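Student: Sending over a structure as structure tokens; questions will come in a sec.
The values are calculated or read from the model by the stated rules, or taken from the named source; none is laboratory data. Treat the numbers as computed from the prediction; the structure is a model and nothing was measured. Because the Cβ atoms are built from the backbone with ideal geometry, glycine has one as well, and the counts that use them run over all protein chains shown. When the accessible area is computed, the model is the full protein with side chains, heavy atoms only, and any ligands, DNA or RNA have been set aside. Shrake-Rupley method; radii C 1.70, N 1.55, O 1.52, S 1.80 Å.
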2 protein chains.
Amino acid sequence: MSKKVLIVGGVAGGASAAARLRRLDEDAEIILFERGEYISFANCGLPYYVGGVITDRDNLLVQTVEGMKNRFNIDIRVKSEVTKIDREKKEVEVITDGKSYRESYDYLILSPGAAPFVPPIKGIDKTTFYTLRNMEDVDKIKARVVENKPKRAVVVGGGYVGVEMAENLRELDIDVTLVEAAEQIMGPLDIEMARILEKQLLDNGIKLILNDAVDSLEEEQKIVVSLKSGKKLESDILILAIGVRPENKLAKECGLAIGERGGIKVNEYMETSDPSIYAVGDAIEVKDFITGMDTLIPLAGPANKQGRIAADNISGRKVKYNGTQGTSIIKVFDLTGASTGNNEKMLKKSGIPYLKSYTHSGSHAGYYPGAFPMTIKLLFSPEDGKILGAQAVGRDGVDKRIDVIATAIRQGLTVYDLEELELAYAPPYSSAKDPVNMAGYTASNILKGDMKVIHWDEIDRINKQEYFILDVRTDLEYETGYIEGSTNIPLDKLRDRLNEIPKNKKILVYCKIGLRGYIAYRILFQNGYDVYNLSGGYDIYLSANY
Amino acid sequence: MSKKVLIVGGVAGGASAAARLRRLDEDAEIILFERGEYISFANCGLPYYVGGVITDRDNLLVQTVEGMKNRFNIDIRVKSEVTKIDREKKEVEVITDGKSYRESYDYLILSPGAAPFVPPIKGIDKTTFYTLRNMEDVDKIKARVVENKPKRAVVVGGGYVGVEMAENLRELDIDVTLVEAAEQIMGPLDIEMARILEKQLLDNGIKLILNDAVDSLEEEQKIVVSLKSGKKLESDILILAIGVRPENKLAKECGLAIGERGGIKVNEYMETSDPSIYAVGDAIEVKDFITGMDTLIPLAGPANKQGRIAADNISGRKVKYNGTQGTSIIKVFDLTGASTGNNEKMLKKSGIPYLKSYTHSGSHAGYYPGAFPMTIKLLFSPEDGKILGAQAVGRDGVDKRIDVIATAIRQGLTVYDLEELELAYAPPYSSAKDPVNMAGYTASNILKGDMKVIHWDEIDRINKQEYFILDVRTDLEYETGYIEGSTNIPLDKLRDRLNEIPKNKKILVYCKIGLRGYIAYRILFQNGYDVYNLSGGYDIYLSANY
Ligand SMILES: Cc1cc2nc3c(=O)[nH]c(=O)nc-3n(C[C@H](O)[C@H](O)[C@H](O)COP(=O)(O)OP(=O)(O)OC[C@H]3O[C@@H](n4cnc5c(N)ncnc54)[C@H](O)[C@@H]3O)c2cc1C
Ligand SMILES: Cc1cc2nc3c(=O)[nH]c(=O)nc-3n(C[C@H](O)[C@H](O)[C@H](O)COP(=O)(O)OP(=O)(O)OC[C@H]3O[C@@H](n4cnc5c(N)ncnc54)[C@H](O)[C@@H]3O)c2cc1C
Ligand SMILES: CC(C)(COP(=O)(O)OP(=O)(O)OC[C@H]1O[C@@H](n2cnc3c(N)ncnc32)[C@H](O)[C@@H]1OP(=O)(O)O)[C@@H](O)C(=O)NCCC(=O)NCCS
Ligand SMILES: CC(C)(COP(=O)(O)OP(=O)(O)OC[C@H]1O[C@@H](n2cnc3c(N)ncnc32)[C@H](O)[C@@H]1OP(=O)(O)O)[C@@H](O)C(=O)NCCC(=O)NCCS
């Protein structure tokens, strides 16, 4: 007998599950419920439609109700909200057009997503504000932008959606202020990497307020955003992008297990605590691929994959989902920031020991036009060099390097393995030693003890009496700025001027990016000095302290 | 006591070995001999200097003699040819300025590279022609191009250097003819992938002659290139880029083991048959990472890595080189072609069983501007799905996908592992299912038997009586061209028109890229048909037969 499968939610996880299910089972009865008017739309493209980068609204609709019905023979019911799950009877309650009915199931797949978090700010009930999740949201923002031509915008929240919205509003020549309560934007990155993107926002005319949160809102002609610090911002449009919360109401009310972070609990087969009910996407808790701990990682790739896996398992194929590593990426004007695995903040929180390295490498060979430096931060285990996480910021080729490292992480590789990777090299694409190889070399050198390092955040804390700070850049570079208390001996003169370096102090050596510092390190170390190289060089110190 | 290390060859392998050696050993005496005038130049950039993409000649010199001396305290002797190795005495003979002397060694590193192959064509001794390997070569070509302003060029050889030279001469508005003796250009790619690049050459005004070789040369005012076919080409400049041969003379003459393909034989520590002599780079034979067989893979990444490893081993660190997989890439105007691992031709030759899949995916999300399709060919083991090789052609993002797969190959991953990779997705960079995931899904479906396929090269050979050829594209697509004898039923009508499909024939279904064909396959298969999907769709069939 053919199965009857109901799906709640018709976008990333839900639509993917429906399509896969049909491919595997031509006979299944598949009904897909979607509260909104549209299915299969490109959530991730919404900010770019606001900014006019995506010009045609129809392009956001990856699949239409009609198209999906015709192709996959799926009973699609939009404007239909599932309001209750009756696990006993294996039925759901659906409300459409104000009327309610019941529909039975053999299997139920929940992919209800997550809802923008709206905090109970004083005055918020009397203020016009926007969140961005679906077509309805984007239509409202677009209409407001087109009709009212706002001159000033306040975006609250410096995560992916907030930053993308800030950029896109700025593309419309709006005077944008981005407000973030934490000390940095872009939580998936560590602070020194986020700093590079923050500077990019500033350089592109966006005002940035960190360490400050919205205290209250008022609206008359204009919107007044009062911050905890006392600062007041006037605005013509207000966007809240403070993060999302898993849509767990349905699941909770019918007694499915919910995790500590509010996501629906599932096993590795995407099964909830009720074996007839599967859940996928932003609504669930996943295993962090690095730590194995339960967490929320609301991303489209995982949602799509989980949807496919739920369909597989319902069709009798035992397929496992092996956790989410949180590989993610953002364009910030002409820069790119990306990360995979755990960041330093997360490792610290979990008490996982780690080492780190910074490298700056050209996106491709320096002698071929258009190469632009990228910064790579690698986090790895002090025991065996296993890669725990990576972050990169730069112009082109950042996505490539993060994807290569994401692939390495997925297989549990070490920094030694990165040295060996044989990546495609021709001058327009890379260097004979790819930035990933270079990160591997540098991390391995730290791990093996071939280079002892000091990090950017330790510089201002070291005892300056104990250290001789040696700047091995050229005279010219030194003149443009240096670390206080440092002495300049250009690397290429170092062997001749060793007598100027005191034997009774630790040597902290640095250059622009860390490479010359490392060569100086090797010279000094072999001459009997106790040396430390500033990992990532003056560049990372500078960008972290812009 | 400090070691004395001599290095023969001062570019990729040699200079890398020297630098690494110094970092590891401040006391070693290191002498680097280079026959030419320059060390550490960018071989790979040479064609782009001819074409004016790289404007400044100095940029080609990654390191100078002076710079390298100062930084690494290396005794660099240019215009110094090592002419003999006396293994007994552990000495080499060097000729410089016509004078010869001897230099002793504890260790010797050979990185003499490879020499352009110049076949004994009739009349070649009386004809001006150019090969491209070093600064001297490029200076000559550049001078000729600048001074004589050639209107017509013939480039012989359709490998990397030939194609890059053809492109760069074309950039100078020269009328270029590329002659290749084989049936395709770009040997690392299989023919149907190379075809896409061939078309690109044609579309950019380069004349392409395949399956034809140079028979004889004549030069008076102009150069006349006569081909075996009888065709005659007139030209103002002639470039030979027929491949390279390892520089094995020194090694051979002193009795070091030489492999069947003419490369110096080394073990995994880069040691030759004489434990005091190491060899690296284009001059050696490496283990093919896939087959384990000895082969020649003259590429800069491997040369640099091998140089580093030789230095490590000489310094007493036991480091292994684990073989070369041949990851390589080429820009052909605004297209990119890349490959890693073995191609189909190599697998056939080695008698290694394989399956293959083709996918076409957008470089990034279709709804975000600028997405361009790329074709990925995956070769994998029919037993366990282990990836044996991959090729990709497209515009942007080809390098990324090949690097991800190269990383996967390096770890012995299977096509199933590709399904799981969690790669960075935001609309400007990728899709929620990255092209690599998509290639993984498709290959896995073939491997699991979820989709039986027929390949583009079988189409014209199948018995058309046995098959019902079903085109599931739209009417409009069908009208623009189709496979002979096919019937058009658009996918979205298929379920309603099943009765039009004969039950007594095999069904060969196809669409544009293979995806709709696969969905049709799943419908038909579950309705009891014996179905085959054209992998890669009509697109690959068309591009292979342009
Ligand atoms: C502006 C924006 C930009 C983003 N950019 C990126 C990016 O660049 N990269 C990335 O990886 N991810 C990005 N994401 C996240 C990504 O879109 C989500 O991870 C993904 O869509 C989650 O899929 P899902 O199926 O869990 O939820 P959704 O795609 O949100 O789908 C859930 C659907 O379920 C419906 N629903 C909920 N409850 C019910 C109910 N009771 N009855 C009926 N229907 C219901 C909702 O209306 C909704 O349409 C972005 C998200 C947004 C909002
Ligand atoms: C035009 C061109 C484009 C290329 N493009 C790419 C590319 O895009 N990607 C890629 O990966 N690879 C590319 N390569 C290949 C790459 O340059 C080589 O693989 C790499 O340089 C090999 O390094 P090597 O040290 O073995 O040899 P080389 O770099 O050639 O160095 C060998 C040196 O040894 C010297 N020498 C030889 N014999 C003696 C002797 N007896 N005494 C003293 N000196 C001697 C030679 O003069 C030469 O300078 C390209 C090569 C060329 C020529
Ligand atoms: C549109 C949508 C329903 C499509 O779902 P889908 O059919 O599973 O996905 P795709 O169109 O990517 O096709 C993938 C299938 O085609 C197959 N395929 C892809 N290319 C192929 C080719 N060249 N030949 C054969 N098969 C191919 C894959 O193997 C896969 O099939 P499988 O899962 O059965 O193995 C779903 O992706 C969606 O709703 N997307 C929009 C919402 C969204 O994701 N939002 C968040 C991101 S903005
Ligand atoms: C110029 C040349 C001599 C440099 O050799 P090199 O010093 O070994 O290589 P690089 O300059 O890339 O530096 C790599 C070293 O810096 C270290 N490094 C790189 N970035 C670093 C950073 N940010 N912090 C600390 N160390 C860093 C690496 O660990 C590596 O050192 P190791 O090998 O001891 O581990 C050599 O690359 C060369 O001759 N190149 C041109 C010729 C050529 O390759 N041609 C073919 C391609 S066109």
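Student: Express in Å², to the nearest 10, the accessible area of A:L413 obtained by rolling a 1.4 Å probe over the protein heavy atoms while all chains stay in place.
Tutor: 10
Student: Here's another thing I want to ask about it. Report, ordered by chain and residue number, the lysines lying within cross-link reach of A:K320, taken as a straight Cα distance under 20 Å and ignoring same-chain residues fewer than 8 apart.
Tutor: A:K265, A:K287, A:K305, B:K386, B:K433, B:K448
Student: Given a 1.4 Å probe and heavy atoms of the protein chains only, how would you sort A:D86, B:D457, largest accessible area at the top?
Tutor: Values: A:D86 25, B:D457 50 Å².
Sorted descending by solvent-accessible area, the residues read B:D457, A:D86.
Student: Residue by residue through B:427-438, how many Cβ atoms from other chains fall within 10 Å of the Cβ on average? All intermediate terms of the calculation are to be shown ahead of the outcome.
Tutor: Working: counts 13, 9, 10, 4, 6, 13, 6, 3, 0, 2, 4, 0.
Taking the mean over all residues of the peptide, I get 6.
Student: Now a separate question. Of all GluC sites (Glu not before Pro) in segment B:202-264, which ones are in loop regions per DSSP and have a Cβ with at most 13 other Cβ atoms within 10 Å?
Tutor: B:E220, B:E260
Student: On to the next question. With +1 on the Cβ of every Lys and Arg and -1 on the Cβ of every Asp and Glu, and nothing else charged, how large is the dipole of segment B:1-136 about its Cα centre, in debye rounded to the nearest 20?
Tutor: Approximately 280 debye in magnitude.
Student: Which one, A:I330, A:L108, A:N70, is farthest towards the positive end of the dipole of chain A when Lys and Arg carry +1 and Asp and Glu -1 on their Cβ?
Tutor: In chain A, that residue is A:L108.
Student: Quick check: convex hull of the Cα atoms in segment A:416-543, volume per residue, rounded to a whole Å³? Could you put the intermediate results ahead of the total?
Tutor: Details: hull volume 16.1 nm³, N = 128.
Cα-based convex hull of segment A:416-543, divided per residue, equals 126 Å³.
Student: Between A:V146 and A:D460, what's the calculated FRET efficiency when r is the beta-carbon distance and R0 is 56 Å? Round to 0.05. All intermediate terms of the calculation are to be shown ahead of the outcome.
Tutor: Working: r = 48 Å, r/R0 = 0.86.
FRET efficiency, A:V146 to A:D460: 0.70.
Student: Computed FRET efficiency, Cβ-Cβ of A:V78 and A:L208, R0 41 Å: what is it to the nearest 0.05?
Tutor: The formula returns an efficiency of 0.55 here.
Student: Could I ask something else about it? In whole Å, what are the extents of the protein assembly as shown along the principal axes defined by its C-alpha atoms, from largest to smallest?
Tutor: Result for the protein assembly as shown: principal-axis Cα extents of 101, 86, 49 Å.
Student: Please work out the average accessible area per residue across chain A, using the 1.4 Å probe convention, and give it in Å².
Tutor: For chain A, the solvent-accessible area averages 38 Å² per residue.
Student: Can you give the calculated 222 nm mean residue ellipticity of chain A, where each DSSP H run of n ≥ 4 adds -39,500 (n - 2.57) and the sum is split over every residue, rounded to the nearest 500 deg cm²/dmol?
Tutor: -8000 deg cm²/dmol
Student: Give the carbon-plus-sulfur fraction of the accessible surface of segment A:184-240 in %, rounded to a whole number; probe 1.4 Å, heavy atoms of protein chains only.
Tutor: Whole-percent figure for carbon plus sulfur exposure: 45.
Student: Let me ask something else about it. If you take the C-alpha gyration tensor of chain B, multiply each eigenvalue by 5 and take the square root, what semi-axes do you get, largest first, in whole Å? The partial results should precede the final answer.
Tutor: Working: eigenvalues 456, 162, 80 Å².
Square roots of five times the eigenvalues give 48, 28, 20 Å.
Student: Specify which residue in the list B:V163, B:I206, B:I277 is farthest towards the positive end of the charge dipole of chain B, using unit charges on the beta carbon of Lys, Arg (+1) and Asp, Glu (-1), about the Cα centre.
Tutor: Result: B:I277.
Student: Would you pull out the residues with amide H under 5 Å of A:I507's amide H, same chain only if 5 or more places away, H placed 1.01 Å from N?
Tutor: A:F468, A:D530, A:V531, A:Y532
Student: Tally the DSSP beta bridges in chain B and give the antiparallel ones as a percent, rounded to 5.
Tutor: Approximately 55 percent, going by the DSSP bridge assignments.
Student: For the protein assembly as shown, what proportion of DSSP beta bridges, expressed in % and rounded to the nearest 5, is antiparallel?
Tutor: The antiparallel proportion sits near 55 percent.
Student: Between the label point of B:A257 and that of the same position in each other copy, find the distances and list them shortest first in nm, with every label point placed 7 Å from Cα along the Cα-to-C-beta direction.
Tutor: 5.9
Student: Taking the Cα atoms only, what angle lies between the long axis of helix B:435-448 and the longest principal axis of chain B, rounded to 10 degrees?
Tutor: 60
Student: With angles folded into 0 to 90 degrees, how steeply does helix B:398-410 sit against the dominant principal axis of chain B? Use alpha carbons for both and round to 10.
Tutor: The angle comes out near 80 degrees.
Student: Still on this structure, please answer the following. Estimate the FRET efficiency between A:D175 and A:Y482 by the formula 1/(1 + (r/R0)^6), using the beta-carbon distance for r and 41 Å for R0, to the nearest 0.05.
Tutor: 0.65
Student: Explain nothing, just the number: dipole magnitude of the protein assembly as shown about its Cα centre with +1 on each Lys and Arg Cβ and -1 on each Asp and Glu Cβ, in debye rounded to the nearest 20.
Tutor: On the way: 142 positive and 158 negative charges, 222 e Å.
So the magnitude is around 1060 debye.
Student: Turning to a different aspect of this structure: Are there any residues in segment B:284-333 with a reduction of at least 40 Å² in accessible surface when going from the isolated chain to the assembly of protein chains? Probe 1.4 Å, please list them by number.
Tutor: B:N304, B:K305, B:R308, B:R317, B:T327, B:I329, B:K331
Student: While we're on this one: Hey, could you get me the Stokes-Einstein D for segment B:313-455, Kirkwood radius over alpha-carbon pairs, 25 °C and 0.890 mPa s, rounded to whole µm² s⁻¹? Let's see the in-between values first.
Tutor: Values: Rh = 15.8 Å.
For these conditions, the coefficient is 155 µm²/s.
Student: Of the options B:G528, B:N304, A:A182, report the single residue whose Cα projects farthest towards the positive end of the charge dipole of the protein assembly as shown (beta-carbon charges: Lys, Arg +1; Asp, Glu -1).
Tutor: The listed residue farthest towards the positive side: B:G528.
Student: When Cβ neighbours within 10 Å are restricted to other protein chains, what is their mean count per residue of peptide A:412-423? Could the numbers behind the result be given before it?
Tutor: Values: counts 1, 3, 0, 0, 1, 3, 1, 4, 10, 10, 20, 11.
What the average comes to for A:412-423 is 5.
Student: For the pairing of chain A with chain B, what total accessible surface becomes buried, with a 1.4 angstrom probe, in square angstrom to the nearest 100?
Tutor: 7300
Student: Heads up, I need the accessible area for B:K512: 1.4 angstrom probe, whole protein in place, Å², nearest 10.
Tutor: Solvent-accessible area, nearest 10 Å²: 90 Å².
Student: Right, here's the next one. Would you list which lysines come within 23 Å of A:K231, measuring only between C-alpha atoms, while excluding same-chain residues fewer than 8 positions from it?
Tutor: A:K122, A:K126, A:K151, A:K199, A:K207, A:K222
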